[in-house]
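Here's the structure, in structure tokens; my notes come after.
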Amino acid sequence: MRKLISFLVVFVLFGCEKYEQYSPPKLTGGKWILTDYQIVDISSISPVTIVKDDTICIGSFNLQTITGNSVLMKQDYKSATLDRKFIRGKTTWEFDSNNTQLYVNYLQMPGVVRPEPYWVTLDSYYNIMKIMNQSTGSVAPYTVRQTQDVGYATTMTLISSDIVTDLYLTNGQRSKAVTVRVTLYFSR
């Protein structure tokens, strides 16, 4: 009887415990290619129609044209920094072996000079990735999610912070027009 009770005590104390060790996302191991993106309207002062093309920037829609009763808002893709502009099917990201440096659209070929990297900080607990542009000092925070197959992750989803665009009125005032969030889908 004592053996049965001691067995039950040991089983109750140690038998049902589950232990999981959290592992940080593995970003290295090949180039990430932007496969698609999505723009989600978080809030707006009037109905919004989102028109997608092959390019997207992580920034406000400050190029504004009044057409009839509506306002056409576009992004200034040409003046956006390289770490904040994306072309579907063409933009590539590659991380160094320590997940601390990011190279955007870098082709490793003889004679091609390695560009200045963007610095990456990765908070594995909160799944936050911050990309710092050294030349401008700006930081782009993303929420990161990965789908991991055997060995290493094959897809990565980055969700931007809220992007607010103001509407510039004719009297010189500004009014909050729309707040969006951009989701970027990468695969390798």
Q.
At 0.36 nm per residue, and after removing the present C-alpha to C-alpha distance, how many nm does the segment from E116 to K90 gain when stretched out fully?
A. 7.4 nm
Q) Points 7 angstrom from Cα along the Cβ direction at T157 and R145: gap in nanometres? A) 0.2 nm
Q.
Semi-axes of the equivalent ellipsoid for the stretch 28-187, please: Cα gyration tensor eigenvalues, times 5, square-rooted, ordered largest first, whole Å.
A. 31, 17, 15
Q) Which ³J(HN,Hα) values, rounded to whole Hz and listed in residue order, are derived for the stretch 66-75 from phi using the Karplus coefficients 6.51, -1.76 and 1.60 in 6.51 cos²θ - 1.76 cosθ + 1.60 with θ = phi - 60°, glycine and proline given as x? A) 8, 10, x, 9, 10, 10, 8, 10, 10, 9
(Q) How much length would be gained if the chain were fully extended between D41 and D53, taking 0.36 nm per residue of separation minus their Cα-Cα distance, in nm to one decimal? (A) 2.7 nm
(Q) Just want the ordering: E94, E116, from fewest to most Cβ atoms lying within 10 Å of their own Cβ. (A) E116, E94
Q. Along the positive direction of the dipole of the stretch 76-188 (beta-carbon charges: Lys, Arg +1; Asp, Glu -1; about the Cα centre), which of I131, F86, V120 reaches farthest?
A. F86
Q. For S175 and T65 in the same chain, what is the full-extension length gain: residue separation times 0.36 nm, less their Cα-Cα distance, in nm?
A. 38.1 nm
Q.
Neighbour counts of other C-beta atoms within 10 Å: give me L34, L72 arranged from fewest to most.
A. L72, L34
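Computed from the coordinates by the stated procedures, all read-outs in this text should not be read as laboratory data. Because the structure is a prediction, the values reported are computed rather than measured. Positions of Cβ are backbone-derived with ideal geometry, glycine not excepted, and every protein chain shown enters the neighbour counts.
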